[in-house]
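Down below is the structure, laid out as C-alpha cells.
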Amino acid sequence: MSVIELDGVVKRYTNGDEEIAALDDVDFTVNRGEMVAIVGPSGSGKSTLLNVIGLLDTPTEGTVTLDGRDVTDLGTDGLTEHRRESIGFVFQAYHLLPIFTAVENVQVPSMWDSTVDRKDRAEDLLRRVGLGDRLTHKPNQLSGGQKQRVAIARALVNEPHIILADEPTGNLDQDTGATILDELTRIKNEENVAIAAVTHDTQLTDYADRTVELVDGVRR
Amino acid sequence: MDASRRLPSLVMAWRNLWRNRLRTILAALGIVIGVIAIAGLGITGSALRYGTAQQFSDITNQATVMPGEDAEQRYLTESQVQSIRGVASNATVIPVKQGRVTISSHTGESYASVDQVTKPRELYSAHKGTIPQPFRTGVLINNETAAYLNVTIGDLIIVGDQSYKVRAIISDGGIGYRDSRVVVSPPALSKQGYSSVMIIAEDGDAAQYLANATKDHFNTEGEVVRTSSYGGLNQRVGSLFSTLNLVLLGIGSISLVVAGVSILNVMLMSTIERRSEIGVLRAVGVRRKDVLRMILAEATLLGVIGGAVGAVLSAGIGALLYDTLYSDPLLVFRWASARYLIVGFCFGAFASVLSGIYPAWKAANKRPVEAIRS
Ligand SMILES: Nc1ncnc2c1ncn2[C@@H]1O[C@H](COP(=O)(O)OP(=O)(O)OP(=O)(O)O)[C@@H](O)[C@H]1O
Ligand SMILES: [Mg+2]
C-alpha cells in the first residue's frame, strides 16, 4: 500500500510578475519497502517535490495523502505532528546539532516527547549503522560518512513509514556513498520503510527499485 | 541525558549558551550592570534614609506644649501641667520654666535666659560631667557660659540671688536637644507657671498623637494651648526619600532597558546564526512551542545568571557602603535594603525574558523549508 500519494500537485512561485511552476501537475506514490530515486536536471523541481512529500511545503494545487489520510490542508502544528510520527529526513549537509552527541542527535525527534524514551533504540540504531563505538562523539569528531549514518539513525528513531533523502550522498566520495546506500537499502528491508531519494548521480539509481524523472516540474 | 529527557529545552538552551561562552558572558554582563544600577542605587537611597532616620528619631519623639493665643495667662499653670500628665500618662512629661536672671561668678556677670527643670537628662546632653537626675540642686551651663564666667565643674555660680554648684557642661543644642545656656534646678526662678511642657513619647507617631490629644483636651473653645512636634517631619523625610529612591530606580531602569536591548540583539543574532539548526529541529518534528521554549529558556538563563551575579555584587557594594557610613556591613541585609536586591534580580530576569520573546517567536515561526534550503 502506498505511504504517500500526490495527486495533480502544482507548486507555483511568483517572483514579481513572473510566475514559475516548480511542479506542474505531478502524480507520485511510494510504497512500503520501496526505494524511489528522483532524478532530473538542476532546477527541475526535485527538492520542491521532496518538500511537498515531506510536508515541509504545501502545494498550490492538488492533494497530498499520507497513510491514506488527506493532509493537504493541515495547519502548521498538524503537519509537524505527522512529520514527527511518519517521516524521516536525511539531508545532503547532514544537519546534525553540534551541541549534541551522536546518541543525543538521534534522539532529537523524540526528545520533547516525555511519554517515550528512545535512548535504547537510538543506541541500537547507531550500532546497526556501524557506529557502536562513536555513541558519545560530537558531530565535529565524526567523518562525513559517519555523520550521514548518524542522520540515517535519526531519521529512523521514531519508526517512520517513509524516509526522504535529498542528495544523501552528494557530499560524500564514491565509496562512502556506496556504504550509505547499502545502509539505506538494508534498513529499507529491515524496517519495511519507503524511501524517496533525490539524486544527481547514477550511483543511487542503481540501488533504487524505481526512478522518477522530472524535467521543468513535469514528470517524464 | 536524563535531565534532557525531562527538560530538553533547558538543556539545549544551556548548551547553546555554553557554546558561545564569550557572547553569553557579554550579554549577561549587560544584565549584571543593570541589576547593580537598580539594586545599588536603591540600597544607596535606603542607606541614606537609614542614617537620616537615626538622626531624626531623637527629636521626632518630642512634642512641646505652649500657651496659645486665647490663653488666660502667658504661661501654663500647675493644674494645666497636671492635665497634660493625665493626657500623656504613658510618656515623660517635663515642665520647663524659663526666665531671664543675672548670673555671675567672681570674674564675670551676665543677664541670661535660664531654664529651670526637674528632669534635665531627657532634654540636654552632657558635654562634660554627668547630668544629675532628678535635678535637686545645681546648675548646668554651656561651654560659652563656662568660658565667660571662667568656671568649671564643681565651681559655684550665682543664679538670681542664690549660688549653685556647676554639675555638668552641656552641649550646644544638637539634634533632639534644647539649646540653652543655663539650666538650673528649682527654685531659682520665682516667676509663676511654666513657659512650656515637653512631652517625650515612644516615637514620632506617639508624640504627634499626644500633641493632638493635648490640643483636643484644652482647645474646646479657642486656642488655649498650642503644640509643636516633629511627627510630620518624619513623614516628610520619608516621602522625600521615597521620591529620591524612585528617581534612583528610574535611572537604574534605563540601564536595564539598554541591557534588554542588547539581549534582544544577541538573541536575534544567535537565532539567525542557528537558522538552519532550528529549521532542522522543526523539520524532524519538534513543535513550534518547544522551539519557543528553548529560546526563551536561553533568555531566562541569561537573565537569572546575570541577575544573580548582579544581586551578589550589589550586596557587596551595599555592605561596603554601610560599612563606610555606619561601620556595620550587615545592615545591607535589613529588609529596607535587601528588598532592592530582590527587585534588581527580578527586573533583570524580567527584562531578559521580555527581550527573548520576539527572537523566540520569530525562530519558532520560521518555515523549516526556508531554513534548511542549502
Ligand atoms: N522559494 C522559492 N521562491 C521562488 N522560486 C523557487 C523557490 N524554491 C524553488 N524555486 C524555483 O523552483 C524551481 C525548482 O527548484 P528546486 O529547488 O526544486 O530544484 P532542484 O531540482 O532541487 O534543483 P537542484 O538539483 O539544483 O537542487 C527552480 O526554478 C527554483 O528557482
Ligand atoms: Mg535540490
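The values are calculated or read from the model by the stated rules, or taken from the named source; none is laboratory data. This one's a predicted model, so the numbers in the text were calculated from it and none came from an experiment. Here Cβ is always computed from backbone atoms with ideal geometry, including for glycine, and neighbour counts include all displayed protein chains. To get the accessible areas, we keep the full protein, side chains included, count just its heavy atoms, and leave off ligands, DNA and RNA. Shrake-Rupley method; radii C 1.70, N 1.55, O 1.52, S 1.80 Å.
Some observations on this one:
- Rolling a 1.4 angstrom probe over the protein heavy atoms with all chains in place gives the stretch A:96-220 an accessible area of 40 Å² per residue.
- Centre separation in Å (Cα based) which lies between the stretch B:4-51 and the stretch B:55-106: 58 Å
- Charging the Cβ of each Asp and Glu at -1 and of each Lys and Arg at +1, and nothing else, the dipole of the stretch A:64-122 about its Cα centre rounds to 240 debye.
- Hydrodynamic radius of the stretch A:2-219 per Kirkwood, over alpha carbon pairs, in Å: 17.7 Å
- Chain B: calculated mean residue ellipticity at 222 nm from DSSP helix runs of at least 4, using -39500 (n - 2.57): -19500 deg cm²/dmol
- With the helix formula -39500 (n - 2.57) applied to DSSP H stretches of n ≥ 4, chain A reaches a computed 222 nm mean residue ellipticity of -9500 deg cm²/dmol.
- Across the stretch B:170-272, Cα-Cα pairs more than 17 Å apart make up 75 percent of the total.
- Residue by residue along B:248-254, Cβ atoms of other protein chains within 10 Å of the local Cβ number 0 on average.
- In order along the stretch B:8-17, phi translates into HN-Hα couplings of x, 4, 5, 5, 4, 4, 4, 5, 5, 5 Hz, rounded to whole numbers, per the Karplus curve 6.51 cos²θ - 1.76 cosθ + 1.60 with θ = phi - 60° and x for Gly and Pro.
- Antiparallel DSSP beta bridges within the protein assembly as shown, as percent of all bridges there, nearest 5: 70 percent
- The stretch A:37-89 and the stretch B:271-304 have Cα centres spaced 23 Å apart.
- The peptide list B:299-305, A:136-142, A:181-187, A:93-99, put in order of mean Cβ contacts within 10 Å with the highest first, becomes B:299-305, A:93-99, A:181-187, A:136-142.
- Convex hull volume per residue in cubic angstrom - Cα atoms of the stretch B:238-334: 130 Å³
- Note on the stretch B:122-231: Cα-only Rg and Dmax are 16.8, 50 Å.
- Summed buried accessible surface, chains A and B, 1.4 Å probe, nearest 100 Å²: 2700 Å²
- Three principal axis extents describe the C-alpha atoms of the stretch A:32-127; from largest down they are 41, 31, 28 Å.
- The stretch B:174-241 and the stretch A:144-214 have their alpha-carbon centroids 96 Å apart.
- As a fraction of the 1.4 Å probe accessible area of chain B, surface on carbon and sulfur atoms comes out at 57 percent.
- Since only B:P186, B:Q82, B:V93 are under comparison, the one whose Cα sits farthest along the positive direction of the charge dipole of the stretch B:61-230, derived from C-beta charges on Lys, Arg, Asp and Glu, is B:P186.
- Computed with a 1.4 Å probe on the full set of protein chains, the accessible area for B:F350 sits at about 130 Å².
- Note on the stretch A:1-67: the alpha carbon radius of gyration divided by the globular reference 2.2 N^0.38 Å gives 1.14.
- Rolling a 1.4 angstrom probe over chain A with all protein chains present gives an accessible area of which 40% lies on carbon and sulfur atoms.
- Average beta-carbon neighbours from other chains, 10 Å sphere, peptide A:91-101: 5
- Three-way shape label, the stretch B:34-165, alpha-carbon gyration tensor, a/c 1.5: oblate
- For chain B, the direction-averaged projected area of the alpha-carbon convex hull comes to 27.6 nm².
- Set against the 2.2 N^0.38 Å expectation for a compact globular protein, the protein assembly as shown has a Cα radius of gyration ratio of 1.76.
- Working from Cα pairs under 8 Å separated by at least six residues, relative contact order for chain B is 28 percent.
- With the whole protein complex present, B:H217 retains an accessible surface near 90 Å², based on a 1.4 Å probe.
- Most fluctuating residue given options B:G204, B:G222, B:G306, as computed from a GNM of chain B linking Cα atoms under 10 Å: B:G222
- Legend: distances between Cα atoms for A:K119/B:K366; A:K46/A:K147; A:K147/B:K362; A:K138/B:K289; B:K165/B:K215; A:K138/B:K362; pairs beyond 31 Å are B:K165/B:K215.
- Relative contact order of chain A: 31 percent, from C-alpha pairs under 8 Å at least 6 residues apart in sequence.
- For residues of B:283-295, the mean tally of beta carbons on other chains within 10 Å: 6
- Between the exposed loop cleavage positions of chain B, defined as GluC sites (Glu not before Pro) in a non-H, G, I, E, B DSSP state with at most 15 neighbouring beta-carbon atoms within 10 angstrom, the longest gap is B:224-374.
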